[in-house]
Amino acid sequence: MAANGAQPLVPVPSGAEVWLQEELADSIPGVGPVHRYRFVMPSLAALVPPWDEGETTADLPPELLDETGPEMPLTPEEQAELDAALGELVIEIMPEDEGILIAPAMPDDDGAFDAPLPSELSPPDPPLTDDALSIEGETEDFAAEAGDPGAGEIALPAAPDILMQDPLHRDILWLCERFVLPRLAGQTPRPRQVVISMASAPSPFGNFDPGIVQLFEGFSIPSDRDACIWEPL
């Protein structure tokens, strides 16, 4: 019997104490019948370290911490400093459908114009010549000839889905294949999806308790065979 004295233990590969809290069935538009199985594993809390907000923000610079409350309007001194930094740049607020218009500096009453002349601007980069293009092509060919298997390709993990699996994936997959599938035998309609949750303590369905660690995994159930196909949630 389980530690709660009510539900029988369900054996899992890890050997942890697990029992079924409840089983729910519903239907999701566009998906179809979905069965949810909520299991309890008290040792789950020890597998996930507690989160300390103080430790998380200890190394962050003050400007990244939102502890100043709502923004205050600029003081006259700050506005004057901002105006001096912007120079003659004018920012005009337009109607919402036209966005913001940023206008360049215009001549003053005496006809003076502070904007740089075209001759004072940096010349554009010269176009690439045929020799430069051939050098770039030779560089790429050399990397390919050197036998670099990753030349021109982006390296990806061999199995990216594995990175999204939680530490109890083996136990949860075992529960789907050895506990859930036998219960689905002969059921009509057959569920299209199964969601298995594991919690460190019992809790009412739909309630969030920050003191309880919970993991969720979803599986699609083929209509033509008994199998649990894992799907990242």
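What follows draws every value from the coordinates through simple rules; no lab data is involved. Bear in mind the structure is a predicted one, so any value in this text is a computation, not a measurement. Cβ placement follows ideal geometry from the backbone for every residue including glycine, while neighbour counts extend to all protein chains displayed.
Using the Cβ-Cβ distance between F216 and M72 with R0 set to 45 Å, the FRET efficiency works out to roughly 0.60.
Counting only Cα atoms, the stretch 181-233 measures 41, 21, 15 Å along its principal axes, largest extent leading. In this rough spin-label picture, where each label sits 7 Å from Cα along the Cβ direction, the D83-F208 distance is 4.6 nm.
For the pair A185 and D226, the difference between a 0.36 nm per residue extended length and the Cα-Cα distance amounts to 13.9 nm. With a Förster radius of 25 Å applied to the beta-carbon distance between S27 and E177, the computed FRET efficiency rounds to 0.60.
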